[in-house]
Amino acid sequence: MNKTTKNWKSQLKSSRLGFFIAIFSLITTNFAHAEYGLNLTKGVTAFSHEVYGLHMVIFWICVVIAVLVFVAMFYSMYAHRKSKGVTAAQFSHSTKAEIIWTVIPILILIVIAIPSTRALINMEAPVDENGDKIKMEMALKVTGYQWKWKYDYLDNGISFLSTLKKESNIARQLKSNIDPNTIENYLLEVDKPLVIPVDTNIRILLTADDVIHSWWVPAFGWKRDAIPGYVNEAWTNVKEVGTYRGQCAELCGKDHGFMPIVVEVVSKEDYAQWVKDQTGEQEAEELANTSEWTQADLITKGEEVYNAQCAACHQSSGQGMPPAFPALDGSALVNGALDEQIKTVVFGREGTAMQAFGGMLSESDIAAAITYTRNAWSNTAKDVAQPNDVKRIKNS
Amino acid sequence: MSHTDTHDHDDHDHKPKGFVKRWLMTTNHKDIGTLYLVFALAMFILGGALAMIIRLELFQPGLQFVQPDFFNQLTTMHALIMVFGAVMPAFVGFANWMIPIMIGAPDMALPRMNNWSFWILPFAFTMLASTFFMEGGAPAAGWTLYPPLVLQGGKNLAFAVFAIHMLGISSIMGAINVIATIMNMRAPNMGYLKMPLFVWTWLITAFLLIAVMPVFAGAVTMLLTDHYFGTSFFNAAGGGDPVMFQHIFWFFGHPEVYIMILPSFGIISEIIPTFARKPLFGYVSMVYASAAIAFLSFIVWAHHMFSVGMPFGGELYFMYATMLISIPTGVKVFNWVSTMWKGAMTFETPMLFAIAFVILFTIGGFSGLMMAIAPVDFQYHDTYFIVAHFHYVLVPGAVFAIIAGVYYWIPKWTGNMYSERLGKIHFWWSMISVNVLFFPQHFLGLAGMPRRIPDYSTQFAEFNMISSVGGFAFGLAQIFFIIVVWRTIKGKGTSKASDRVWEGAKGLEWFIPSPAPHHTFQDGAPVKDEQLAHVSSH
């Protein structure tokens, strides 16, 4: 087998055909490397399997119709050409034919509509075998922000932000000269992924704080918009342990392409362990929020927070991108009264892209970021914001 | 006396002298038609240039040329310019040139308004394009202008909204003119069911325009007051509803889609019978199908919003209603194929573009049907699959129809036959490159690449590179098109066109001289049935 292929190949070597085959195989092997491939993913939920099946059914129906119509057309272009000496027929209608090609498409549409309706029911009003509404075992709130996601586990109070991972974020800057191929999961990796248990009915509530976003993990089989002022609802039940990646799917501003979603689906035992670990972390955070910090510690932590949360707009140089995103270096606000700056960060600024970070970041993170900006670059305030100051403003 | 020699002095046809009088102050439907077409071509080049920068940035992963925010400005302006600057004015240009001739009218019904509706356009687009040079740049929230994102834009919002108002005024005046002309100015013996299909599709399009442009104007006005006057139409914090904008926008936006495709159907329905030397199959059902498509366009808008979280009943209704569109559209495609069937075909450039239109528009129609299925659209929505879909119906769809129409009628407009050899080169060049450009985008979308992103994960690299190469080739092909058109106008390497131009051509435009005299059909004589393509007695 191998030998014959070789012979066959050597025969073609000098020919042009061989060249095209080489190019073609190069392209196809490249495609084989691609993670998602050419087609829709089958996914890892019952719903995504159903969607994939529907997609393929409709695709093949379209292919069959296309072949029939285009074959008729090409045959006509071949056989009914003037250069063959034919004379044109002069018929101009046929009621019978027109009825046939109105009725048959209607029947095809009905055939498509039935499984489509069933799939839609399974997404929007799922029932079990007995026809009862299926029970949700866990609830998750997803909030879209420019340009990160916040996940709240409504059953146990775990809550965190998930943003584009640092390596990707550095490489994606204009003219960074870093080859994206050297970054693992370029643009599809986050600092802290969403973790959910396998085989669990999870109700997912979606909303947004600023503009409209859309939460999409292709392997789950759906996307749904996260809209400010709305709480949208969707659900999933993932059948396979693994890591699944997705992206924001609704244009949400300049960094719309840079707010990926990573979901780690783990066994129920691993999930229980993960929840325990998170509770430990939350206690540490609680401690951080109530203690008094030194200026040096605040600045060190603040730089980290600033680069993760603030630098996308205000830039790590503090120069911002005026007029939408003002500079913090030399800013009157940052060099002025401390409480005013805390207020701006905690409550945001209406009518601008400045978000209310009070509900997003912990008090210690906010205090640290503010302290950092007041001590960085050419800023002269050089004072310190403590978590307690943030708490006082929050509760005022 | 036939219409061919209604003029006593064919040697001087009363063209005004001087640029200002001839073009700025013109009330002549042919000159205004020319202005519209030239303007559309200029905007096609501008919008195309923006697309080239987009494809350049997407050539490989990583950001090499533009900042993400500027990328969003490019996609937004590319769409606005192509939709409102290139495709719509091109069709109005055809309408101005051809409708009066096709129905035996001396001019449009409202010639001064006709002048005004054209001359608004250059100012509107100057204003829109000027936002590129403002602080904060051009609008960057997508051509759909969804709030709250669009409200974050700077000064550009006011300029974009005012430009859209002007475009709307221009479109509505153009539409009123088309309706008034068709209803009042038909020559004696030109019954409604004798009108060419191009006239019919434009009549229907004009009603769509009048119905939806005010809706769009209303929607953007609400954006304006939300941004500048403290209203909360779309601001959830003030009790408003950001999703309401999407409903209003797509109530305009879906008919808008058909505004861009119905006149294409008309042009294709003129060209195929001519080169098949056979009457259009099912003329009356073509008219009814166009009207049905127009009606359906008003009741399917929310299929653009399946992921927005509508109630189950709403999703079900919009899914079913959308699927219905494939029936009248299918009738059209079947009728075109039946027109070709048992004809005696030749394949001059207009026919080649028309056939490519039928095939590639149908492919776009199939992906449209796939996206009508709401549960599957949860996957397709806002990916490159939809980008591939609407570019298939708009580029090898609407734009190919426009190009086909130019090749078909340019001998009548200029009196010169274009170079068939160059026309065929242009066709094959465009045909191949447009598929290299847009077909791989289906794969990208299915594989999970969202639309409107300036940079992408590395598994999308190959198809993006192929698509970009196709894009550059397609762009160059249209520069070549301009050369072909220019040589035809100047009569370089061309021959003089006969009056009939095409052997199988029927309709009044082929019974006047080439080039068409400045004034035609001024005697009000009845048209003769034997000159018409359709003398339907239904």
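The values are calculated or read from the model by the stated rules, or taken from the named source; none is laboratory data. Predicted, not measured: the structure shown is a model, and the values here were computed from it. Counting neighbours? That spans all protein chains shown, and the Cβs are built from the backbone with ideal geometry, glycine included.
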Within region A:319-347, tally of residues that are out of contact with any helix residue (DSSP H, G or I) (no Cβ under 7 Å at 6 or more places or on another chain) and not hydrophobic (A, V, I, L, M, F, W, C): 9
Restricting the search to region A:315-345, which residues are outside any loop (DSSP other than H, G, I, E, B) and within 25 Å of B:Tyr228 (Cα to Cα)? A:Met321, A:Phe325, A:Leu333, A:Lys343, A:Thr344, A:Val345
I'm trying to understand the selection: among the residues of region A:233-255, which are buried (at least 20 other Cβ atoms within 10 Å of the Cβ) and under 13 Å from B:Gly309 (Cα atoms)? A:Ala234, A:Trp235
Which numbered condition in (1) more than 26 Å from B:Ser307 (Cβ to Cβ); (2) part of a helix (DSSP H, G or I) is the only one that B:Phe347 fails? (2)
Can you tell me which residue is farthest from the other protein chains (Cβ to nearest Cβ) among those in region A:162-177 that are part of a helix (DSSP H, G or I) and of a type outside the set (Val, Ile, Thr)? A:Lys166
Before we move on, is B:Val300 of a type in the set (A, V, I, L, M, F, W, C), more than 10 Å from chain A (Cβ to nearest Cβ) and in contact (Cβ under 8 Å) with a residue 60 or more places away in the chain? no
Do we have B:Val484 as touching a Gly at 6+ places or on another chain (Cβ under 7 Å) and either part of a helix (DSSP H, G or I) or within 14 Å of chain A (Cβ to nearest Cβ) (or both) here? yes
Any hit, region B:303-313, residues being among the small types (Gly, Ala, Ser) and closer than 28 Å to B:Gly266 by Cβ: no
The conditions are (1) assigned to a helix (DSSP H, G or I); (2) crowded, with 17+ Cβ neighbours inside 10 Å; (3) without any contact (Cβ under 8 Å) to a residue 12 or more places away in the chain; (4) hydrophobic (A, V, I, L, M, F, W, C), and A:Ala88 fails exactly one of them. Which is it? (1)
Which count do you get for residues in region A:76-134 that are more than 7 Å from every other protein chain (Cβ to nearest Cβ) and among the polar types (S, T, N, Q)? 5
State which residue pairs qualify: first residue more than 7 Å from chain A (Cβ to nearest Cβ) and inside region B:55-76, second residue of a type in the set (Asp, Glu) and in a loop (DSSP other than H, G, I, E, B) in any location, beta carbons under 9 Å apart, and separation of 6 or more residues or different chains. B:Glu57/B:Asp455; B:Leu58/B:Asp455; B:Phe71/B:Asp455
Among (1) outside any helix (DSSP H, G or I); (2) in contact with a Pro (Cβ under 9 Å, 6 or more places away or on another chain), there is one condition B:Ala211 misses while meeting the rest; what is its number? (1)
Just need a number here: residues in region B:278-294 that are within 10 Å of chain A (Cβ to nearest Cβ), crowded, with 22+ Cβ neighbours inside 10 Å and β-branched (Val, Ile, Thr). 0
Expected output for region A:346-363 (first residue within 12 Å of another protein chain (Cβ to nearest Cβ) and at negative phi, partner of a type in the set (A, V, I, L, M) and not in a loop (DSSP other than H, G, I, E, B), Cβ below 7 Å, 6+ apart or cross-chain) is A:Ala356/A:Val346
Name the single residue, out of those in region A:218-273 being of a type in the set (Val, Ile, Thr) and in a strand (DSSP E or B), that is farthest from A:Leu38 (Cα to Cα). A:Val266
If the requirement is being assigned to a helix (DSSP H, G or I), over 21 Å from the mean Cα position of the chain (by Cα) and at pLDDT 95 or above, which of these qualifies: B:Met173, B:Met166, B:Met183? B:Met183
Select from region B:326-361 the residues that are of a type in the set (Phe, Trp, Tyr) and at the interface with another protein chain (Cβ under 7 Å from one of its Cβ atoms) and write down the one among them that is nearest to the chain's Cα centre (by Cα). B:Phe334
Looking at this structure, is B:Tyr392 crowded, with 24+ Cβ neighbours inside 10 Å, among the hydroxyl-bearing types (Ser, Thr, Tyr), in a helix (DSSP H, G or I) and more than 14 Å from every other protein chain (Cβ to nearest Cβ)? no
If we keep just the residues of region A:207-222 that are touching an Asp or Glu at 6+ places or on another chain (Cβ under 7 Å) and facing another protein chain (nearest Cβ under 9 Å), which is farthest from A:Met259 (Cα to Cα)? A:Ile212
Is it the case, given these coordinates, that A:Gly257 is more than 11 Å from chain B (Cβ to nearest Cβ), within 29 Å of B:Phe460 (Cβ to Cβ), among the small types (Gly, Ala, Ser) and in contact with an Asp or Glu (Cβ under 9 Å, 6 or more places away or on another chain)? no
Return the pair list, or none, for Cβ contacts closer than 9 Å from residues in region B:230-243 that are within 7 Å of another protein chain (Cβ to nearest Cβ) and on the phi > 0 side of the Ramachandran plot to residues that are basic (Lys, Arg) and surrounded by 15 or more Cβ atoms within 10 Å (Cβ to Cβ), at least 6 apart or on different chains. none
